[in-house]
1. Determine the sum of side-chain charges near T79: Lys and Arg each +1, Asp and Glu each -1, restricted to other residues whose C-beta is under 10 angstrom from that of T79.
2. Please compute the length gained on full extension between Q83 and D134, using 0.36 nm multiplied by the number of residues separating them and subtracting their Cα-Cα distance.
3. Quick query: amide H of N66 versus all other amide H atoms, modeled in the peptide plane; which residues come in under 5 Å with a sequence gap of 5 or more or a different chain?
4. For segment 145-154, just list the computed ³J(HN,Hα) in residue order, Karplus coefficients 6.51, -1.76 and 1.60, θ = phi - 60°, integers in Hz, with x standing in for Gly and Pro.
5. Residue separation times 0.36 nm, minus the C-alpha to C-alpha distance between S149 and R169: what's the value?
6. Using only the Cα atoms of segment 95-149, what do you get for the radius of gyration and for Dmax, in Å?
7. Order the following by accessible area, largest value first: S150, S71. Probe radius 1.4 Å; ligands, DNA and RNA are ignored.
8. Taking loop as defined by DSSP and a crowding limit of 14 other beta carbons within 10 Å, which trypsin sites (Lys or Arg not before Pro) in segment 47-114 fit?
Amino acid sequence: MKMICQASVLALSVAMVTIWGFGQVEAQDLPLSDLSQWHQYATENGSYQVGVDLVDGSPVVQLRSNRKRASGFGTQMKTISSQPYLGKQLRFTAELRTEDVKKWAGLWMRVDSRRIRSLAFENMRDRPIRGTTDWAEYEIVLPVAPNSSSISFGVLLNASGTVVMRNTRLEAVEEDFALEAGR
């Protein structure tokens with residue numbers, strides 16, 4: 001337990017250095033053990049619940065519907081300053097596992113400016129995760145416009161089921177980076 005706490009503190013320190021601009025780190029792990037840095041949103045109040053568990057010694061986030069016939073969507077998300085990534089392409093990566101997902105689940109990311117919401121947006125709707133699946137890595141890549149101010153990202157669940165997320169990572173990638181089919 002002490003080792004997990006120390007690893008979480010170290011990962012959180014790396015994330016804080018990058019997010020708040022005290023230095024730039026090319027890639028950062030996003031600690032899931034500290035949910036105070038993440039927040040939940042649902043289109044139907046009380047339809048979704050989120051929790052942090054340990055699986056094989058690593059923290060995971062579980063997002064699940066509270067109703068068999070849930071509608072709308074729920075998300076566990078984080079918002080950061082876009083300052084360290086201006087003019088770059090940003091990749092959000094995580095491993096996901098699903099249980100009984102009726103409609104779809106996936107990662108999502110949005111780049112906003114102070115005046116315009118959604119300068120860039122991706123939510124995996126065109127490559128949804130459905131049913132029950134084992135752990136697989138997924139990623140989203142978006143350009144971060146020079147006039148952007150924030151980046152929001154996370155995992156979403158549309159309707160009923162459970163999605164579990166682990167090993168989250170955020171990193172700048174080369175401009176000519178192409179997303180592999182099916183990822």
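The values are calculated or read from the model by the stated rules, or taken from the named source; none is laboratory data. All of these numbers come straight from a predicted model, not from anything done at the bench. Note: ideal-geometry Cβ built from the backbone for every residue, glycine included; neighbour counts use all protein chains shown. Keep in mind that these areas ignore ligands, DNA and RNA; they rest on the heavy atoms of the full protein, side chains included. Shrake-Rupley method; radii C 1.70, N 1.55, O 1.52, S 1.80 Å.
1. Once positives and negatives cancel, what remains is +1.
2. This chain segment gains 14.8 nm when fully extended.
3. Sorted by chain and number, the residues that satisfy this are Y48, Q49.
4. Computed from phi, the couplings for segment 145-154 are 4, x, 9, 7, 10, 8, 10, 10, 7, x Hz.
5. The span from S149 to R169 would gain 5.2 nm if fully extended.
6. Gyration radius and largest Cα-Cα distance of segment 95-149: 14.0, 40 Å.
7. S71, S150
8. Sites meeting the loop and neighbour criteria: R67, K68, R69, R114.
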